[in-house]
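To start, the structure under review is shown below, and the notes come after it.
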Amino acid sequence: MGRFFFYPVSAFTRTYVLYYTDIKRTHVLYNSGRLQGREPAVDILEKLEILTDAAKYDVACTSSGVDRSGRQGKTGSAVACGICHSFAADGRCISLLKVLMTNQCVYDCKYCVNRSSRETPRAAFTPHELADLTMNFYRRNFIEGLFLSSAVMKNPDYTTERMIQSIELLRNEYRFNGYIHVKAIPGTDNALIQRMGLLADRMSVNIEFPSEMGLEKLAPQKKPEAIMRPMGLIRSGIEENTSDLVLYRHAPKFVPAGQSTQLIVGATPDSDRKILTLSEGLYDKYKLKRVFFSAYNPVVSDPLLPSILSAPPLLREHRLYQADWLMRFYGFSANEIVDDKNPNMNLAIDPKCSWALRHLEQFPVEVNRASYQRLLRVPGIGVQSARRIVQARRAGSLDFEGLRKLGVVLKRAKFFITCQGKVTEGVIIQPDTVLRGLLSKNDLKMLPAASGDQMSFTDLPEMARVMGGVPTSAFGYLPEERTNEYAGQYEFGIHI
Amino acid sequence: MLDNTNLVYIYDGTLEGFLCCVYESYARSEIPQDICTEGGQIGLFAEVQWVRTDMGHAQKVYESIDRKICLEAQDFVKNAFLTCMENKEILIYRFMRQGYKYGRAVFDRLTDDTVDRITKAVRNLQREAGNLKGFVRFTVYDGVMVSCIAPKNIVLPLLSDHFADRYPDETFLIYDRIHQMAVVHKPEGTLLTSMSKLTLPPIDDAEKAYQTLWKCFQHTVAIEERYNPKCQMNHMPKRFWTDMTEFA
């Protein structure tokens, strides 16, 4: 008795006071004396600032993909869904200590803040400094683990060896059991990638540009082959490891949280279609866990790049993530979202609504009978609410009030569903009215010159041209003259 | 069952006490209109019934949840009791009545008002616990890690396993000053206890240095051109900030 009552409150009778000194008297000192009370080196603050600033443009910062419980004698654990520890002023999640090993780079990639020709303060962590920092942040629950990347010091192999030293130190000496994400440096020797993969939870290689042309122009020292080779190596490493694990349960795990990559959006004239089909290929062929998109932030003035004054194409990045979600969780394929006729998404409207408007013949859907897959295609119904619909209709037939309770966004869904054969009262299913109803205030705010009342469905193609075509670099599409200049050159995507 | 429109049960505020209310209601074949703790708001014409907490009765009711509904329902009821939902007792009581009637299918009745409110409250509890797994900040005092939180729901029971698993060899304390309780973990074991006051010594230089480093990182990692405080606040409501190192 009493074991299951984990809530011991009889707060009203059994209160007693526990002072700090009580715990201190009885506590067992933390067993690694090396960490205890040691102050960080004096110049570490400066280093941290430089190497964080240099790393912040890498977007991938999730700590997801692997469940690993803690162990006696070690510090840390990992949770499959990932944990956000803080949010930066830009609204992005902070989960890992995202830093570079060094920002001293031998490459001179045009788009990059760390390119060798740029005048900027340079620094490098020693493996011990980095491990100390990680452990001390981790203990205080500031972070979920380490995200280590690096500029290329001397050559890719030398750089990777330094990175391996740091994470070996963390894993073996500091007994760190938390999450580690490392960047594979393009051009690194296969054996080093193998070693790294056994220490890290996730590895990633940044493709950066969806076409060979983009790479050639903007990062001439990086070859597509040098990017795709480590990616292939990691994939086959994971595959081999999976079959090893079937045979030997204790075989060391190789990159258990899988690999990811990043594509920069808006620095080259590549279309959404190219970006999305490439992503789809990466998910299918390379079994990537995530493809991240990074709105290009003009940090450098260069004739090949968008003007330094242009804002990062945040809306386009947002739409790409929505499309990515549709591909990963909603059963959409890339060519359902964009095609030859419309190679770019319509920025005015989210891709799911856009698809639904182009396929009104598939609606309305009767929520009480439709399959899970069909429910997922309805704007306003997400993965959670589709699951809840399937669950709740076992108990009885659903009406609109019930759908609201399940979390369905009726504002959007009402145009596409029937409940017990009935349409929501007052709803007229005509392309014009539907479109007006679908645009959220937020959507309208993000569009500079459009107002919902004046738009109609017939404007959509026009808007698609204006928004999705090539107007201003604010949307991440290069100006028309620039696109023409490149015409044809960007036809061939990266071969995967 | 007699549906008495004025009947109010009073219990001692513990889960055991609440389960005894359920027992009493079935033993006396009556349906209370409300279940309150002592000192709760009771209507003028209420017919008050004090329910004595009996461990044997509580155990019986607790086991019946598994037998008549399902095993998950036990955890669900326990979690529902930790939420900050208003009138949670009477809602859980009604949920259990439905559960005894429909069995595990009670969880499919998501459009029912009672089930809807309870599932949302439990979801809210789990979301808050999930948030705090990230937002808890430890300050190290001579090897002991201490953290203060001010959650709306009683989240400590959901947090203790996570942190005990993460720092098995450490000594740490998480103090919930709203509900005046704390989790204390030492390598030998973990204890959940009530705690009315926590006094802490000043922090040392090493601790100050790491706090400064963290503030520096948290500040530097943001991209200026993407400044979006509204998005930041959506993900991390201001009420958590008071206890977070980076905003202190």
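Readers should treat all values here as calculations from the given coordinates under stated rules, not as data from a laboratory. All of these numbers come straight from a predicted model, not from anything done at the bench. Note: ideal-geometry Cβ built from the backbone for every residue, glycine included; neighbour counts use all protein chains shown.
For the reader, a short list of remarks on this structure follows.
- Based on Cα contacts under 8 Å between residues 6+ apart, chain B shows a relative contact order of 12 percent.
- Share antiparallel - DSSP beta bridges, the protein assembly as shown, percent rounded to 5: 35
- Rg/Rh for the stretch B:16-126 stands at 0.95; both radii use Cα atoms, and Rh follows the Kirkwood definition.
- Relative to the longest principal axis of the Cα atoms of chain B, helix B:205-220 runs at roughly 80 degrees.
- With Cα atoms, 0 to 90° folded angle of helix B:156-166 axis to chain B main axis: 40
- Calculated FRET efficiency for the pair B:K197/A:E216, C-beta based, R₀ 60 Å, to 0.05: 0.35
- Computed over the stretch A:44-337, Kirkwood Rh from alpha-carbon pairs, angstrom: 19.6
- Residues A:R273, B:R177, sorted so that the one with the fewest Cβ neighbours within 10 Å comes first: B:R177, A:R273
- Ranking A:M213, B:L7, B:L173 by Cα position along the charge dipole of the protein assembly as shown, where only Lys, Arg, Asp and Glu carry charges on their C-beta atoms, puts B:L7 farthest toward the positive end.
- Packing order of peptides B:42-49, A:76-83, highest average first: A:76-83, B:42-49 (average count of other Cβ atoms within 10 Å over each peptide's residues).
- The stretch A:376-417: relative contact order as a whole-number percent, Cα under 8 Å and 6+ apart: 57
- Cβ-based net charge around A:R202, under 14 Å, with every Lys or Arg adding one and every Asp or Glu removing one: +4
- For chain B, the longest principal axis of the Cα atoms and the long axis of helix B:71-82 meet at an angle of about 70 degrees.
- Each stretch of four or more DSSP H residues adds -39500 (n - 2.57); spread over every residue of the protein assembly as shown, this sum gives -11500 deg cm²/dmol at 222 nm.
- Listed values for the stretch A:81-98 are Karplus-derived 3J(HN,Hα) couplings in whole Hz (6.51 cos²θ - 1.76 cosθ + 1.60, θ = phi - 60°), namely 7, x, 9, 8, 9, 7, 10, 6, 4, 8, x, 8, 5, 10, 10, 10, 6, 9, and x replaces Gly and Pro.
- Note on B:W241, A:W355, B:W50, B:W214: ascending count of other Cβ atoms within 10 Å places them as B:W50, B:W241, A:W355, B:W214, the fewest first.
- Candidates per GluC sites (Glu not before Pro) in the stretch A:71-156, loop by DSSP, up to 11 other Cβ within 10 Å: A:E119
- Cα-Cα P(r), the stretch A:276-416, percent of pairs per 10 Å interval: 10, 33, 30, 18, 6, 2, 0
- Annotation: aspartates and glutamates with alpha-carbon distance below 17 angstrom to A:K223 (same-chain offsets under eight excluded): A:D108, A:D157, A:D189, A:E208, A:E212.
- Cβ-based exposure ranking for A:R229, A:R369, A:R412, in which fewest neighbours within 10 Å come first: A:R369, A:R229, A:R412
- Along the stretch A:376-390 the Karplus relation, 6.51 cos²θ - 1.76 cosθ + 1.60 evaluated at θ = phi - 60°, assigns HN-Hα couplings of 4, 7, 7, x, x, 10, x, 4, 4, 5, 5, 4, 5, 4, 4 Hz to successive residues, with x for each Gly and Pro.
- Each Lys or Arg adds one and each Asp or Glu subtracts one; over the other residues with Cβ under 14 Å from the Cβ of B:A248, this totals +2.
- Farthest towards the positive end of the charge dipole of the protein assembly as shown, among the residues A:S166, A:I94, B:Y93, is the Cα of B:Y93, using unit charges on the Cβ of Lys, Arg, Asp and Glu.
- Rh by Kirkwood over Cα pairs, then Stokes-Einstein D for the protein assembly as shown at 1.567 mPa s and 4 °C, µm²/s: 45
- Equivalent ellipsoid semi-axes - Cα gyration tensor, the stretch A:53-167, angstrom: 27, 17, 12
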